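These notes concern the structure reproduced below.
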Amino acid sequence: MHRLFKFDKLLIEGLVFGMNNRRHFLQTSVTALFASRLGLTAQEAEKIQVRAITKGPKYHWFAYYDKEQFSPDNRYVLGNQVDFEHRSPTAEDVIKVGMVDLQDGDKWTELGESRAWNWQQGCMLQWVPGTESTVMWNDREGDKFVCHLLDVKTQKKRTLPNPVYNLSPDGKWGIAPDFRRLNDTRPGYGYAGIPDPNKDVLVPEDAGIWKINMETGAQELIITFAQAAAIPYEGGFSPNAKHWFNHLLFSPDGSRFIFLHRWKGDGDKSFNTRLFTAKADGTDLYVLDPLGRTSHFVWRDPQHVFAWAFHPSHGDRFYLYKDKTNEVEVVGKDKMPRNGHNTYVPKTNNEWVLNDCYPDKERKQTPYLYHIPTDRRVDLGHFYSPAFYTGEWRCDTHPRSSRDGRLVCIDSPHSKGRQMYLIEIHDIVGT
């Protein structure tokens, strides 16, 4: 592991891992010199190590932050591979999916390919809960989006006739939005190749959220766009508002799931958002946040949702919501003032939060840890993001924890395009 050996102005200001003034820092340990800048003790700083686990000439990333990237034994790390950047995917663009072996020199093993993907969430590649060695990802076959399931040990593969967004904790059920509609309404989250049959319909009654049997592949439409739009919104929907769903996530016990209801109409500069929860069968819909600006979220437990949103009490902040009530409290106080991709670090009793932020004025992205009981924040580094990583093809760090809470994997474009990097955190969080 290489020590830092050159410093420039940005490094002195905040320990930037990456490319600035044509200097590349691919692997490094945090030195005690910068410990206080990151909120670390000198001993902690000496133990944090960052290394690239993928390399060019191809580009690699995992994408979203709310899926299992690490295998159950934490040995293998999933990722996507592509040979271009800085444009929208077309129907002809194919990515490879694979895994990195952390115990064999970060060896890359190709698992398959996908024609149903985007920059922000890839192809929904993830380990299937309740299994030791099965992964899933979405693909396109002809005029249908499908879902592949592969046992990486036996190489046994099967394909379901419908795509999947999120899996129940037991791996038996999936849920999915309309990826065709997302490609029109929210570029970067849908899939190219199949047009939305309801493109000109503002509030479809025959599409929305589907529940998928992961054994048979059978799916059932459980919530329609029309159903959500029929639930009143204070002030009313804007004229000619077009509705869609995104960001679905089962609760830890699988009893409910959460999703974002979004719309944009005449006079809207951007889309509006409501945060819904529902039973696993789509019934018992509840508007958890009706105020229009919910963003990233994760379940803390089956009754609480941790989300970035607006609330009259403190404005735009991270909040903890109690499902099916009006109870809400601030999380992070002044240590998490910016929107990011928030999760809880496993094996820490939900005391440690893993988060990040979008590029600052110096184009630095900062993954960090936050300890709720002591109001302590620990930055894990500041990673330079070149200005052309923006909009639909930006490269957020999207930090993901290993299942034992000892490691963090991020995506970063700081050196020769987007690649995946591993950060050791066990000496900080005590796992």
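The values are calculated or read from the model by the stated rules, or taken from the named source; none is laboratory data. Keep in mind that this is a model prediction, so the values were computed, not measured. Backbone-built Cβ (ideal geometry, glycine too); neighbour counts: all protein chains shown. Quick note on the areas: whole protein, heavy atoms, side chains included, nothing else; ligands and nucleic acids left out. Shrake-Rupley method; radii C 1.70, N 1.55, O 1.52, S 1.80 Å.
Just to be sure I understand, how many residues within region 301-311 are over 18 Å from Phe257 (Cβ atoms) and open to solvent by 50 Å² or more (accessible area, probe 1.4 Å)?
Looking only at that region, the number is 1.
Listed here are the residues, each with its yes/no results for (1) more than 20 Å from Glu92 (Cα to Cα); (2) touching a His at 6+ places or on another chain (Cβ under 7 Å); (3) not polar (S, T, N, Q).
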| residue | (1), (2), (3) |
| --- | --- |
| Lys157 | yes, yes, yes |
| Leu167 | yes, no, yes |
| Pro177 | yes, no, yes |
| Arg180 | no, no, yes |
| Tyr189 | no, no, yes |
| Ala192 | no, no, yes |
| Leu202 | yes, yes, yes |
| Ala207 | yes, no, yes |
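Considering only region 46-80, how many residues are hydroxyl-bearing (Ser, Thr, Tyr) and open to solvent by less than 30 Å² (accessible area, probe 1.4 Å)? First the steps, then the outcome.
Looking only at region 46-80, we keep the residues that are hydroxyl-bearing (Ser, Thr, Tyr), and these are 54, 59, 64-65, 71, 76.
Filter again for open to solvent by less than 30 Å² (accessible area, probe 1.4 Å), leaving 54, 64-65, 71.
Looking only at that region, the number is 4.
Identify, please: which residue in region 93-106 is part of a loop (DSSP other than H, G, I, E, B), touching a residue at least 12 places away in the same chain (Cβ under 8 Å) and on the phi < 0 side of the Ramachandran plot and is, among those, surrounded by the most Cβ atoms within 10 Å (Cβ to Cβ)?
Going through region 93-106, the residues part of a loop (DSSP other than H, G, I, E, B) turn out to be 93-94, 102-106.
Checking which are touching a residue at least 12 places away in the same chain (Cβ under 8 Å) leaves us with 93-94, 102-103, 106.
Narrowing further to those that are on the phi < 0 side of the Ramachandran plot: 93-94, 102-103.
Working: Asp93: 16, Val94: 14, Leu102: 20, Gln103: 10.
Per the stated criteria, the residue is Leu102.
Quick one: would you say Arg158 is in contact with a strand residue (DSSP E or B) (Cβ under 8 Å, 6 or more places away or on another chain), surrounded by fewer than 17 Cβ atoms within 10 Å (Cβ to Cβ) and either more than 21 Å from Leu407 (Cα to Cα) or aromatic (Phe, Trp, Tyr) (or both)? Let's see the steps before the verdict.
Details: in contact with a strand residue (DSSP E or B) (Cβ under 8 Å, 6 or more places away or on another chain): yes; surrounded by fewer than 17 Cβ atoms within 10 Å (Cβ to Cβ): yes; either more than 21 Å from Leu407 (Cα to Cα) or aromatic (Phe, Trp, Tyr) (or both): yes.
So Arg158 passes the test.
Can you tell me which of Thr131, Thr109 is in a strand (DSSP E or B) and modelled with pLDDT of 95 or more? Give the derivation first.
Working: Thr131 fails: in a strand (DSSP E or B).
Just a single option satisfies the conditions, and that option is Thr109.
Which one is least open to solvent (accessible area, probe 1.4 Å) among residues in region 161-171 that are farther than 14 Å from Glu215 by Cβ and assigned to a loop (DSSP other than H, G, I, E, B)? Break it down into steps so the answer makes sense when it comes.
Within region 161-171, the first condition is being farther than 14 Å from Glu215 by Cβ, and the residues that meet it are 163, 165-166, 169.
Narrowing further to those that are assigned to a loop (DSSP other than H, G, I, E, B): 163, 165, 169.
On the way: Pro163: 20, Tyr165: 0, Pro169: 58 Å².
The extreme case among them is Tyr165.
Looking at His314, His341, which is the one that is closer than 28 Å to Phe259 by Cβ and open to solvent by 60 Å² or more (accessible area, probe 1.4 Å)? Steps first, please.
On the way: His341 fails: open to solvent by 60 Å² or more (accessible area, probe 1.4 Å).
Only one candidate qualifies: His314.
Say whether the condition of being buried (at least 18 other Cβ atoms within 10 Å of the Cβ), more than 16 Å from the chain's Cα centre (by Cα) and of a type in the set (Ser, Thr, Tyr) is met by at least one residue in region 320-327.
yes
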